[in-house]
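The values are calculated or read from the model by the stated rules, or taken from the named source; none is laboratory data. Computed from a prediction, not measured in an experiment: that's the story for all the values here. FYI the Cβ positions are ideal-geometry reconstructions off the backbone, even for glycines, and counts take in every protein chain you see.
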Amino acid sequence: MHKFTGWVLLGYLFTHIAVLSTAIGVDPTAATAGADQYTEILRGLEELLVVRVLEIRVVAAATFHLLNGVRLLLVEMSVGISVQDKSFYGSLVAASITTLVSVPVFLAGQL
């Protein structure tokens, strides 16, 4: 799962860069019009339910990847080898709780 979430986050990074770079408004007549258009495009994306659901999935992937990475680092340093299975499930539960707590924030649009 650690490798999978790593690939998901890498894919998100490239998608995020592509979306942000294409949302930049090109208006040579006014400097602020481009910024306003950029903000308007991003607000329009934030209003889509599918975008909010995908953001929740990114939070889930990032949280699990972070917690599992710390767990793997400790295992590599020979700390907690005997409880390796329990610590995996602990990181999974902690990531799930963090994701569930963030769901109302994303669905309400309070970013």
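Each residue in the range 91-111 was checked for being surrounded by 12 or more Cβ atoms within 10 Å (Cβ to Cβ) and either more than 17 Å from residue 5 (Cα to Cα) or basic (Lys, Arg) (or both), and 5 of them qualify.
When the range 65-85 is examined, which residues are found to be surrounded by 11 or more Cβ atoms within 10 Å (Cβ to Cβ) and outside any loop (DSSP other than H, G, I, E, B)?
Once the filter is applied, which keeps residues that are surrounded by 11 or more Cβ atoms within 10 Å (Cβ to Cβ) and outside any loop (DSSP other than H, G, I, E, B), the range 65-85 yields 65, 66, 67, 68, 69, 70, 71, 72, 74, 75, 84.
Taking first residues from the range 95-108 that are within 15 Å of residue 67 (Cβ to Cβ) and partners that are among the hydrophobic types (A, V, I, L, M, F, W, C), the Cβ contacts under 6 Å between residues at least 6 apart in sequence or on separate chains come to 95/64; 95/67; 99/59; 99/60; 102/59. If you check 60, 18, 35, 94 for being part of a helix (DSSP H, G or I), modelled with pLDDT under 80 and of a type outside the set (Ser, Thr, Tyr), only one passes: 35.
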